[in-house]
Structures are given as structure tokens and as C-alpha cells.
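Everything below concerns the one structure shown next.
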Amino acid sequence: FRGLDLWANEDERDEYRSALREVGRINNYEAQYRLRDGQVKTGLVSGAILELNGVPHALSVVRDIDEMKKGQTARAILATAVDQAAERVVITDVHGVIVYVNPAFEITTGFSPEEVVGHNPSIIKSGLHDGVFYEKMWKTISSGQVWRGEIINRAKDGSLIHEHSTISPVRDDSGAIINYVQIATDITTEENLRQQLTQAQKMEAIGTLAGGIAHDFNNII
């Protein structure tokens, strides 16, 4: 263990050395190491005790996993963001079978992940859209394009859910579609308010019309 010390953390160095002395071989010990310019990176250290001319030597190999760790961190952040998103997120395979739903899906629809994973999204169909609506949607996403629009689904308790939905293809490194991801925003409250406003405006117009007719009738009398 003499020579240039690349270890950035003395505790990791001591733990690795102690284990290597006791066992004689270690595979994939994760540790921080320091480059010549002072930059600290993450590596997997594998080592073994070898005897050369009767003298024990330690042979260690370090594999840089810094970029992989950064990728794992980014994916973990993304997964946390999706899990905590207010929008409903659904991921399906290329055949439209659900492989993932986030917690917002259960909050919105009442269906748990166990009830929908492995099933088609038709489990929440409202029956208010005709076949042409879904055919156009599927044709759009299966051709590699993004579908955007408003859709009415039905929750587990039978209530209607108005949503603004975006469905995007997910491609692998070769460009082939491997999944579809849907992000849906619940606009039920806004839609109900809009309908109430429209109804109030209609009633106001009817009232105005009726008042005008009554006024004209009185004039005729």
C-alpha cells in the first residue's frame, strides 16, 4: 500500500485495506478517488493480494463509475418528481398495456396501481368518445407523433374526469418506439365551472328573451 495515495476518503481507504488483508480479494468496492488535478470521482475498486518472489503485493484496479452515478442520481430525481407530480402519469408498452402509474393516478381515478398495471387504459373509459376518437389518437402516437387533447374518463366510483392529456412516444437509442407516456391534468373543476357559467348565461338569455316577449305582449294589449 505504499506509493501515491489516490484515495479521497481515508476511512474508505482503511476499510478497503483492512478487508483486503483479511480476505485476500475484494470486488467492486465503491469509493471516492482523487485525480492529479484534484478532481474527486467515484470508482469501483477491485483488488487482490499477490505474492511476487515471496513478497505480498496488493494489486488494485479502479473502474470509473462517476458518469453512471450521475445518471443514477438524475434518474432518481426524475422518478421522485414523477411520483410527486400533481399530474397523472401513465406509461404503457407499445401495445398500450399499462406498466406504470404514479400516485396521482390513484388519487384522480380511485384505481390502485395493482388494479391497472397489466391492463389497457380502457379500464377508465367513460364511453363518451366514439371509436374514431381513439383510432385517431392511436394512429397519431403509433406514427411517432405527440397527441394532445381533452378527454373524458370515468373514475372507479363512476364520476367523470375531464382531463387535458398529452401522450408521447418513448424511443430507445435506435429510434424505435418502446413505450408511450401520458401526462394528464385534471380540469374537472374548471369544466364544471365553465358548464355552470354557460348554463347561467343561457338562463339569463332566456330570461331576457322572456322579458322582452312579455313587454311586447303588454304593448300589444
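The values are calculated or read from the model by the stated rules, or taken from the named source; none is laboratory data. Just so it is clear, the structure is predicted and the values come from calculations on it, not from any experiment. Neighbour counts run over all protein chains shown; Cβ positions are idealised from the backbone, glycine included. Protein only, heavy atoms only, side chains kept; ligands, DNA and RNA dropped before computing areas. Shrake-Rupley method; radii C 1.70, N 1.55, O 1.52, S 1.80 Å.
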Sole exception among (1) at pLDDT 90 or above; (2) closer than 30 Å to ILE177 by Cβ; (3) among the polar types (S, T, N, Q); (4) surrounded by fewer than 11 Cβ atoms within 10 Å (Cβ to Cβ) for ASN28, by number: (2)
For VAL146: the one exception among (1) among the β-branched types (Val, Ile, Thr); (2) over 15 Å from the mean Cα position of the chain (by Cα); (3) at pLDDT below 95: (3)
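Per-residue answers, yes or no, for (1) touching a strand residue (DSSP E or B) at 6+ places or on another chain (Cβ under 8 Å); (2) without any contact (Cβ under 8 Å) to a residue 12 or more places away in the chain; (3) within 17 Å of ASN153 (Cα to Cα):
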site	(1), (2), (3)
VAL82	yes, no, no
ARG88	yes, no, yes
PHE105	yes, no, yes
GLY118	yes, no, no
GLY131	no, yes, yes
Test: residue in segment 42-53 that is open to solvent by 70 Å² or more (accessible area, probe 1.4 Å) and either in contact with a Cys (Cβ under 9 Å, 6 or more places away or on another chain) or among the basic types (Lys, Arg) (or both): no
Some residue of segment 12-34 being more than 37 Å from the chain's Cα centre (by Cα) and part of a loop (DSSP other than H, G, I, E, B): yes
Checklist (1) at pLDDT 90 or above; (2) open to solvent by 60 Å² or more (accessible area, probe 1.4 Å) applied to VAL23, failing item: (1)
